[in-house]
Amino acid sequence: MRILAIETSCDETAVCVLEAGGSFGPDFRFRVLGNALLSQASLHTQYGGVFPNLAKREHAKNLTPLLELALKNADLFQVAEFDISNYRGALEKILVREPEMRDALFDLLVHHAKPAIDAIAVTSGPGLEPALWMGVNFARALATAWNMSLVAINHMEGHMVVSMMDKSGLADFAFPALALLISGGHTELVLAKEPMHYKILGATRDDAAGEAFDKVARLLGLPYPGGPEISRLAAEAREKHLPSDIKLPRPMMREDNFDFSFAGLKTAVRRIVETHAPLSEDTRLAIAREFEDAAADVLVGKTLRAVDAYGVNTIVVGGGVSANEYIRLRLAEALAQAGHTAKLLISPPELSTDNAIMIALAGYFRAQRQEFADPATLRPDGNLRLAV
Ligand code: KG4
Ligand code: ZN
């Protein structure tokens, strides 16, 4: 089965074509035929975070060129006349608020043959709603014009599923699995007793882990996205064995639940920044190290608590923050130290942050289950949950 996937939940516009076969087991195989991704991060830097309306405009502008690129990569972009007259009214309606996207997409559609693709998968939530709308409407229009099945995907499921893969199939692991999902918008511990069935064990009560990295980075005068920047400074501080008396709290670490809280950490950093202003370079490095340590302590502590409570066979870590090398290392060390034999699965860093491949993978499994969405009525949901 060939899946075209579209992701626009935050500040990455991504389109890919994936070929996959088999069921959720050892016979599953996949191959990325075409992949196109454009990060808007540099545009949002001046705002210190993602500015939703700018993200929306950029998605609208970039989706059609990225679709073309992904189809070309996949060798599925064939010049031919294609008649959309039967669907023009429906397409106009779907894209009525995005005249530029409509014009660009119509131009592509009428000059190219319907590609050999079986289904279209799109992120329908959670995320920034104005941004999600662009991908969803684009996917609805494509599914209508090409008369293809449409699958609505939960972005967090995408992060989880891609971390369960190796290069061309599923990693060798057993359920039940515990997923630690840590992104810019979400922080969740999720239990999967079997494929594609979830129970949320805990979540953040305020800021997400990635959001905390981004906000602390901003306080330190570092550009967005803050995760990689903090990580770079923290690594430098560790390398230099920088002495420091900077101490941050470990919010909720010892509480007997699976929830997180990161807002207090950010406030504590703000106070330190204020009392030490103007910050010396060494103090900046020390704050970055202590913040990364605090975030890692809390994430590792809560994950281990859940591993103990649920006796899982596998721990899956996904989302942009799981690109963090130090957190990866700390998790692996802590599991080994506690004598846990659960297998730790984390996607390669380039697939930890947002991309369309993760949406295509989840899309394939949802399509296999015949879980299709109606292109006439699909709407995004910024607060979409993995489970109730
Ligand atoms: O999953 P993602 O790409 O987008 C969302 O779904 O939100 O995650 C983005 C988040 C940002 O907050 C970014 O600062 C963080 O992931 N991030 C990192 C690292 N790379 C990205 N955080 C810590 N360390 C990193 N190396
Ligand atoms: Zn994400």
Starting from the Cα coordinates of the stretch 324-388, work out the convex hull volume and express it per residue in Å³.
162
Of all C-alpha pairs within the chain, those more than 27 angstrom apart amount in percent to 49
Per-residue ³J(HN,Hα) for the stretch 201-217, Karplus 6.51 cos²θ - 1.76 cosθ + 1.60, θ = phi - 60°, Hz, x for Gly and Pro
8, x, 8, 6, 8, 9, 6, 6, 4, x, 4, 5, 4, 5, 6, 5, 4
Computed over the stretch 95-148, the ratio Rg/Rh where both radii use C-alpha atoms and Rh is Kirkwood
0.98
Report the antiparallel proportion of the DSSP beta bridges in the stretch 15-151 as a percent, rounded to a multiple of 5.
75
Ordered by residue, what ³J(HN,Hα) values in Hz, to whole numbers, does the stretch 59-65 give under the Karplus form 6.51 cos²θ - 1.76 cosθ + 1.60, where θ = phi - 60° and Gly and Pro are x?
4, 4, 6, 9, 4, 5, x
Take the Cβ-Cβ distance between HIS111 and GLN370 as r, set R0 to 25 Å, and report the resulting FRET efficiency rounded to the nearest 0.05.
0.15
The residues LYS215, LYS193, sorted from fewest to most surrounding Cβ atoms within 10 Å, come out as LYS193, LYS215
Give the lysines whose C-alpha is closer than 17 Å to that of LYS199, dropping any in the same chain fewer than 8 places away, or say none.
LYS302
Distance between the C-alpha centers of the stretch 293-312 and the stretch 363-388? Whole Å please.
30
Applying a 10 Å radius around every beta-carbon, put 298-307, 336-345 in order of their mean neighbour count, most first.
298-307, 336-345
Which number do you get for Rg(Cα) / (2.2 N^0.38 Å) in the stretch 144-299?
1.25
GLU92 paired with HIS241, simple spin-label distance in nm, labels 7 Å along Cα-to-beta-carbon
7.4
The stretch 1-147: radius of gyration over Cα atoms, expressed as a fraction of 2.2 N^0.38 Å
1.06
Violations at 30 Å Cα threshold for listed pairs LYS240/LYS343; LYS56/LYS93; LYS61/LYS215; LYS167/LYS240 -> LYS240/LYS343; LYS167/LYS240
Give the average over all directions of the projected area of the C-alpha convex hull of the stretch 212-276, one decimal, in nm².
5.2
Selected from HIS111, HIS186, HIS159 as most flexible by GNM, with the chain as the system and alpha-carbon contacts under 10 Å:
HIS111
Which FRET efficiency value, to the nearest 0.05, is calculated for ARG270 and GLU325 with the Förster distance at 25 angstrom and r the Cβ-Cβ distance?
0.45
DSSP loop GluC sites (Glu not before Pro) in the stretch 34-125 with at most 12 other Cβ atoms within 10 Å of their Cβ, which ones?
GLU81
In whole Å, largest first, what are the principal axis extents of the Cα atoms in the stretch 62-112?
30, 23, 11
Could you compute how fast the stretch 253-388 diffuses translationally, taking Rh as the Kirkwood radius over C-alpha pairs and applying Stokes-Einstein at 4 °C with viscosity 1.567 mPa s? Give it in µm² per second.
71
The set of residues whose placed amide H lies less than 5 Å from the amide H of GLY169, leaving out same-chain residues fewer than 5 positions away, is PHE30
Residues whose built amide H sits under 5 Å from the amide H of LEU345, excluding neighbours closer than 5 in sequence, are ILE315, VAL316, VAL317
Residue-wise, which Karplus ³J(HN,Hα) couplings in Hz belong to the stretch 264-273, taking 6.51 cos²θ - 1.76 cosθ + 1.60, θ = phi - 60°, and x for glycine or proline?
x, 4, 4, 5, 4, 5, 4, 5, 5, 4
Computed lengthening from ASP118 to MET253, 0.36 nm per intervening residue step minus Cα-Cα distance:
44.0 nm
In this structure, the FRET efficiency calculated for GLN78 and ALA174 from their beta-carbon separation, with R0 = 35 Å, to the nearest 0.05, is 0.20
Order of 260-273, 35-48 by packing, highest average Cβ count within 10 Å first?
260-273, 35-48
Dipole of the stretch 323-386 (Lys/Arg Cβ +1, Asp/Glu Cβ -1, origin at the Cα centre): which of GLN370, LEU351, ASN324 lies farthest to the positive side?
GLN370
Over all pairs of distinct alpha carbons, what does the Kirkwood formula give as the hydrodynamic radius of the stretch 1-80, in Å?
14.0
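Each reported figure results from applying straightforward, stated rules to the coordinates on display, with no laboratory input. All of these numbers come straight from a predicted model, not from anything done at the bench. So basically every Cβ, Gly included, is an ideal-geometry build from the backbone, and we count neighbours across all protein chains shown.
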